[in-house]
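To keep things clear, I will list the structure first and then write my remarks on it.
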Amino acid sequence: MGQQHNINPNQLTMFERAGDLANPDKTSYYDFNEYPDDDEVYSQTFDEFKSHKLNQSKSSPEEYTHRPLMRRPGQRSHYESIQQEGVREPVELTSSAELYGDTGTPKKVLMEGHHRVFAQADIDPDALVPVKWD
């Protein structure tokens, strides 16, 4: 008979499937949900938000305008790097209960790493992504 593993549901994971992290039914997104009443910034749908982050990850580093980069011109895109090496730096998660208070069933909230998650999910949704819980 096989070994049975009893995992506490409150135990935090070290890795999550990219497809689960990119699924709005399983994960909330801090950038997307942070200011839901700000029509100018957050009037886009989730699919538009995801597409925007994915397109940025495919841009050359010198075109990427999300924040200053530590890469030199001519280096491969974030997407190409993940395609070759996978996600190496953990993405940051927290619990929706921790962030928003008790609102029923807690969900994972992706705080940092949207580009990495959406790129990896596009490349291989079954790939494991390292996570760091806040």
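Any read-out appearing in this document is the output of simple, stated calculations on the displayed coordinates, not a laboratory observation. Treat the numbers as computed from the prediction; the structure is a model and nothing was measured. In this analysis, Cβ positions are derived from the backbone assuming ideal geometry, glycine residues included, and neighbour counts consider all displayed protein chains.
Between Gln11 and Glu85, full extension at 0.36 nm per residue minus the direct alpha carbon distance yields a gain of 23.9 nm.
In terms of surrounding Cβ atoms within a 10 Å radius of their Cβ, Phe49, Phe15 rank from fewest to most as Phe15, Phe49. Summarising the label geometry, the points placed 7 Å from Cα in the beta-carbon direction at Gln75 and Lys58 lie 2.2 nm from one another.
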